[in-house]
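Written below as structure tokens is the structure these notes are about.
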Amino acid sequence: MAWAREAYQLSERRACRLYGVARSTVRYRSVRPDQEALRKRIRELAGVRVRSGYRPIHVFLRREGWQVNHKRVYRLYTEEELTLKPRRKARRSKAAANRRAPALPTAANERWAMDFIHDTLAGGGKIRVLSVIDIYTRECLALAVDRSFKGEKVAAVLSGLKDERGLPPRITVDNGTEFTSRALDHWAYWNKVELDFTRPGKPVDNTHVEAFHGTFRRECLSQHWFNGLEEARRTIRNWRDDYNKTSPHSSLGQQTPVAFAGGGDLPRAELGSEIRSPSGSALGGTALAARLT
């Protein structure tokens, strides 16, 4: 509109009549409140939680007291060019036979799942991480880090969990040598725990721990370059605390695993206005900023 007025030396009235628009539309000035504080906080959260989309960021903002809906967060999130690259969907065979899924647990400590995930240190050494999760609450019970594992070490990790919270009747595992070892078989017998082995070559039989490993890989292992075993243990321990106590889980109604296991939302004092990074450092920024409507 402005270029037409300047090029043809037209008045505003004639230019509006030519384009068929109301003069009030041309003269309108937005009264939307300044979004810069919200944009800054979204950038800060996205900078720390580099694999979080706009929905988890919206949950964190609501915890901090921002009165903002997910649509505004999505708009600002995309305008700031923070959109994640979509993950490629795995191809599925159309001829695959349908398989009955096992019954899901109905309470905490009813069934666990565990498996190993690997990573490489900066110096080239290998590490293995034993992950143990509660299938019902999605809580990560253990992330034991070492250069190698045998059945005795797996049994020691589970014995430590027994002292903390007791043991479930069943644990889902694959057919790795650590899980089929005589040491773990003896431990399971004396502790009255059934080891539910998956079918050989079928990781889909242990989907919950595989999904957890995907999150663990994206948010922790792929974001850090460990110089040594102790640094890896420290960083992974901090990430586990963050995953259990801070990160929202979509399958739990955006609650954290600890909150869901406790039967409700976390107390306001524990949620706080400060979000910590997986490395344990506090995230600065505008917490509990001016509320937007």
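Okay, here's what the table says:
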item	result
Pair list, Cβ < 7 Å and 6+ apart or interchain, from the stretch 13-40 residues that are under 19 Å from Thr78 (Cβ atoms) to residues that are open to solvent by less than 90 Å² (accessible area, probe 1.4 Å) and of a type in the set (Val, Ile, Thr)	Ala37/Thr286; Leu38/Val68; Lys40/Thr286
Positions within the stretch 154-176 being touching a residue at least 24 places away in the same chain (Cβ under 8 Å) and not aliphatic (A, V, I, L, M), in sequence order	Ser159, Lys162, Arg165, Gly166, Pro168, Pro169, Arg170, Thr172, Asp174, Asn175, Gly176
Identity of the residue in the stretch 134-154, among the β-branched types (Val, Ile, Thr) and in contact with a Lys or Arg (Cβ under 9 Å, 6 or more places away or on another chain), that ends up farthest from His208 (Cα to Cα)	Val145
Scan of the stretch 113-147 for residues that are aromatic (Phe, Trp, Tyr) and either touching a residue at least 60 places away in the same chain (Cβ under 8 Å) or over 25 Å from Ala103 (Cβ atoms) (or both), ordered by number	Phe116
Out of Ala37, Ala4, Ala46, sole residue that is of a type in the set (Gly, Ala, Ser), assigned to a helix (DSSP H, G or I), surrounded by fewer than 16 Cβ atoms within 10 Å (Cβ to Cβ) and modelled with pLDDT of 85 or more	Ala37
Failed item, numbered, when Asn227 is tested on (1) touching a helix residue (DSSP H, G or I) at 6+ places or on another chain (Cβ under 8 Å); (2) over 30 Å from Arg55 (Cα atoms); (3) in a loop (DSSP other than H, G, I, E, B); (4) modelled with pLDDT of 90 or more	(1)
Lone unmet requirement of (1) in a loop (DSSP other than H, G, I, E, B); (2) open to solvent by 30 Å² or more (accessible area, probe 1.4 Å) for Arg237	(1)
The stretch 202-230, subset surrounded by fewer than 16 Cβ atoms within 10 Å (Cβ to Cβ) and touching a Leu at 6+ places or on another chain (Cβ under 9 Å), residue nearest to Asp146 (Cα to Cα)	Leu229
Residue list for the stretch 126-168, restricted to those being closer than 28 Å to Trp225 by Cβ, open to solvent by 40 Å² or more (accessible area, probe 1.4 Å) and more than 16 Å from the chain's Cα centre (by Cα)	Lys126, Arg128, Arg147, Ser148, Lys150, Lys153
Subset tally (residues that are open to solvent by 70 Å² or more (accessible area, probe 1.4 Å) and more than 22 Å from Asp146 (Cα to Cα)) for the stretch 169-201	11
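The values are calculated or read from the model by the stated rules, or taken from the named source; none is laboratory data. Just so it is clear, the structure is predicted and the values come from calculations on it, not from any experiment. Counting neighbours? That spans all protein chains shown, and the Cβs are built from the backbone with ideal geometry, glycine included. Please note that ligands, DNA and RNA were not included when accessible areas were found on the heavy atoms of the full protein model with its side chains. Shrake-Rupley method; radii C 1.70, N 1.55, O 1.52, S 1.80 Å.
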